[in-house]
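The values are calculated or read from the model by the stated rules, or taken from the named source; none is laboratory data. From a predicted model like this one, the values you see are computed outputs, not experimental measurements. We place every Cβ from the backbone using ideal geometry, glycine too, and count neighbours over all the protein chains shown. For the accessible areas, the whole protein counts, side chains as well, though only heavy atoms, and no ligand, DNA or RNA atoms are used. Shrake-Rupley method; radii C 1.70, N 1.55, O 1.52, S 1.80 Å.
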Amino acid sequence: MFYFLSKAIDFLIMPLSIIFLLMLYGLATKNKKKRKLMLLLTFVSMLLLSNTWLVNKVFNWWEPRPVNISALDGTYDVGVLLSGGLIGANMPSEDHAVLGSHGDRVLQTFLLYKAGKIKKVLITGTSSKPMMEAGQGETRRAAALMVQWGVPAQDIIFEENARNTRENALFSAKILNQKFPGGRYLLITSAYHMPRSAGCFAKVGVKTDQFPADYYGSYYSVAFKNALVPDPNALAYFSFLWHEWVGYIMYKLVGYS
């Protein structure tokens, strides 16, 4: 039920959904003052959410600071890699891996392993039923890619039932407590997703250090023109972050993180 409700609520309060509702109300109301107010709110919302400079600043505020691999202390028993967008595909018949929108998580996990910072890799998350039945779930395909890069297959562990971040933490905790009790764990996920993810693992009693990957905020200066010219990509990125905020708040409310 929580899974269904979270998706339904998420759809209703996404930025574009809110903007469309404002526009619809503005068109439907016969009150001239309300109509003008709705049009003004729509205009201001679109102006702010398509502002590259502003959206970048919001990401800088939310995402944890980058961590250098060389700065990690010692070696971790397990690097826990959260799936979701790790692997993509242009055609079903492709015979090679295609990194997905969050494929940087795979690369960073590989780099951590090759640097000797993690001994084992636990990839957690499920995929669509047909893909799972064909043995082509995202976790398997990400693992196959790391094996091609040189990670021994025996050093990769799978958790393939988790549908969301809460279940990532719950199901991973069972594996970690059973196979690596008292170990050191490094959590690897997208930077914007790290606050909720770390909270979920802490809530189920798994202490982790964090290694953020897949950054959306840039720490380089943004040109002044980007503060003036509307950019549809900025709106798309902010929608990403808004989705995460909705999930973060809901998880806090129900005690998941």
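Which of K117, K36, K57 moves the most in a Gaussian network model of the chain with Cα springs under 10 Å? Greatest mean-square fluctuation among the candidates belongs to K36. Accessible surface of the range 28-187, 1.4 Å probe: 57 percent of it comes from carbon and sulfur atoms.
What's the FRET efficiency of H96 with A236 using the Cβ-Cβ distance as r and R₀ = 35 Å, to the nearest 0.05? Mind showing how you got there, number by number?
Numbers: r = 27 Å, r/R0 = 0.77.
The computed FRET efficiency comes out at 0.80.
Per residue, how many Å² of accessible area does the chain show with a 1.4 Å probe?
On the way: 14160 Å² over 257 residues.
Result: 55 Å² of accessible area for each residue.
Test of understanding: what is the full-extension gain from M14 to W61, defined as 0.36 nm times their sequence separation minus their Cα-Cα distance? Length difference between fully extended and current span is 14.9 nm.
Calculated FRET efficiency, L24 to V229, Cβ-Cβ distance, R0 = 22 Å: about 0.20 to the nearest 0.05.
Could you give the angle, 0 to 90 degrees to the nearest 10, between helix 32-49's Cα long axis and the longest principal axis of the Cα atoms of the chain? Relative to the chain, helix 32-49 is tipped by roughly 30 degrees.
Comparing A234, A169, A213 in a Gaussian network model of the chain where C-alpha atoms under 10 Å apart are linked, the largest mean-square fluctuation is found at A234. Between helix 104-114 and the chain there is an angle of about 20 degrees, using the helix long axis and the longest principal axis of the Cα atoms.
Over the chain, the Kirkwood radius and the radius of gyration, each from Cα atoms, give a ratio Rg/Rh of 1.03.
Taking all protein chains together and a 1.4 Å probe, the residues I13, I118 rank I13, I118 from largest to smallest accessible area.
Which order do L81, L12, L235 take when ranked by solvent-accessible area (1.4 Å probe, heavy atoms of all protein chains), largest first? Please report the intermediate quantities before stating the final value.
Numbers: L81 0, L12 105, L235 25 Å².
The residues order as L12, L235, L81, largest area first.
Reachable aspartates and glutamates from K119, Cα under 12 Å, same-chain residues fewer than 8 places away excluded? Within the straight-line limit of under 12 Å, K119 reaches these aspartates and glutamates: D77, D155.
Among K203, K179, K120, the largest mean-square fluctuation in a Gaussian network model of the chain (Cα springs under 10 Å) belongs to K179.
The listed residues E138, E244, E94, once ranked by accessible area (1.4 Å probe) with the largest placed first, stand as E94, E138, E244. Taking the 0 to 90 degree range and rounding to the nearest ten, how far is the long axis of helix 15-28 tilted relative to the main principal axis of the chain, both from C-alpha atoms? Taking the Cα atoms of the chain, the angle to 15-28 is about 20 degrees.
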